[in-house]
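Take a look at the structure set out below.
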Amino acid sequence: MRRDVRTRGRHRHRAPALHADPARRRAGPAAAVTAPAARFRSARRIPAALTALVLLGVAALFLYDLAAVRADRPGMRWRHELAVRLGRLTPADLAVQLTGGALAVAGALLLFLACTPGLRRILPMQAPGQAAGVRAGLGRRDAAQVLRDRAMEVSGVRSVRVKVGRSHVAVRATSHFRELDDVRADLDEVVAVAIGELGLAHPPRPRVRVRR
């Protein structure tokens with residue numbers, strides 16, 4: 001759900017986008033209490049669908065060939081030729097090594113996708129007194145926009161670039177007047193307060209850089 005855009009002074013503030021976790025919606029109150037700050041997990045629909053389609057096609061092909069042989073019909077010619085070629089190959093052949101390496105990489109990639117949460121662009125938020133099965137998440141771009149708007153309110157700041165990561169927030173500002181040390185000190189304070197107001201479960205640490 002996304003709230004409407006509101007204005008504050010000359011800067012436009014967009015309310016952060018809140019993301020609901022469908023897994024948490026089905027989990028119930030017990031899961032909501034035990035792991036309130038867990039990362040959002042991706043459903044991995046596209047990799048799962050592609051893998052299922054490939055396995056389904058291969059299984060259907062071999063099943064059809066097996067049924068044809070059982071029905072006293074000639075099997076597929078390509079299977080016989082493939083069996084003859086595979087019988088001549090050895091593990092030392094380059095084709096066997098390349099095929100094995102490709103399959104190993106594909107398997108490692110699938111394991112990586114299955115074990116990692118994904119959805120790195122959504123940061124979990126604190127939710128004290130939350131309802132059962134409800135979680136809140138804040139997008140990195142929305143958090144960066146809020147921090148940028150707050151940093152632009154500091155006197156002497158001309159432009160700001162903000163990049164929000166999981167553990168750090170990189171703030172690069174350009175100042176056109178005032179001493180750089182004074183601007184940096186004000187930015188450190190404002191950014192620290194703004195990060196606390198975001199309500200993140202794991203607040204990132206700010207890294208502020210100011211140049212003329």
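The values are calculated or read from the model by the stated rules, or taken from the named source; none is laboratory data. Predicted model only: the values in this text are computed from it and were never measured. We place every Cβ from the backbone using ideal geometry, glycine too, and count neighbours over all the protein chains shown.
So is Leu123 loosely packed, with under 13 Cβ neighbours inside 10 Å and of a type outside the set (Gly, Ala, Ser) or not?
no
Could you check, for region 105-117, whether at least one of its residues is within 30 Å of Pro203 (Cα to Cα) and not in a helix (DSSP H, G or I)?
So far as region 105-117 goes, yes, one or more of its residues are within 30 Å of Pro203 (Cα to Cα) and not in a helix (DSSP H, G or I).
Could you say whether any residue in region 96-105 is surrounded by 10 or more Cβ atoms within 10 Å (Cβ to Cβ), at pLDDT below 90, closer than 30 Å to Arg140 by Cβ and under 32 Å from the mean Cα position of the chain (by Cα)?
Looking through region 96-105, none of the residues is surrounded by 10 or more Cβ atoms within 10 Å (Cβ to Cβ), at pLDDT below 90, closer than 30 Å to Arg140 by Cβ and under 32 Å from the mean Cα position of the chain (by Cα).
Can you name the helices (runs of 4 or more DSSP H) wholly within region 27-95 that have at least 2 residues being modelled with pLDDT under 80?
29-34, 77-88
Just the residues that are touching a residue at least 24 places away in the same chain (Cβ under 8 Å) and within 20 Å of Arg121 (Cβ to Cβ), please, taken from region 157-190.
Scanning region 157-190 gives Val164, Gly165, Arg166, Ser167, His168, Val169, Ala170, Val171.
Of the conditions (1) under 17 Å from Phe40 (Cα atoms); (2) small (Gly, Ala, Ser); (3) without any contact (Cβ under 8 Å) to a residue 24 or more places away in the chain, Gly107 satisfies every one except a single condition; which number is it?
(1)
Going through region 193-205 one residue at a time, which ones are assigned to a helix (DSSP H, G or I) and buried (at least 17 other Cβ atoms within 10 Å of the Cβ)?
Ala194, Ile195 - these are the residues of region 193-205 that are assigned to a helix (DSSP H, G or I) and buried (at least 17 other Cβ atoms within 10 Å of the Cβ).
Looking at the structure I just gave you, is Val208 part of a helix (DSSP H, G or I) and touching a residue at least 24 places away in the same chain (Cβ under 8 Å)?
The answer is no for Val208.
Between a first residue in region 74-93 that is farther than 18 Å from Phe62 by Cα and a second residue that is surrounded by 10 or more Cβ atoms within 10 Å (Cβ to Cβ), which pairs have beta carbons less than 8 Å apart while being 6 or more apart in sequence or on different chains?
What qualifies is Leu89/Val96; Thr90/Val96; Pro91/Gln97.
Can you find even one residue in region 40-57 that is surrounded by 10 or more Cβ atoms within 10 Å (Cβ to Cβ) and touching a strand residue (DSSP E or B) at 6+ places or on another chain (Cβ under 9 Å)?
Taking every residue of region 40-57 in turn, at least one turns out to be surrounded by 10 or more Cβ atoms within 10 Å (Cβ to Cβ) and touching a strand residue (DSSP E or B) at 6+ places or on another chain (Cβ under 9 Å).
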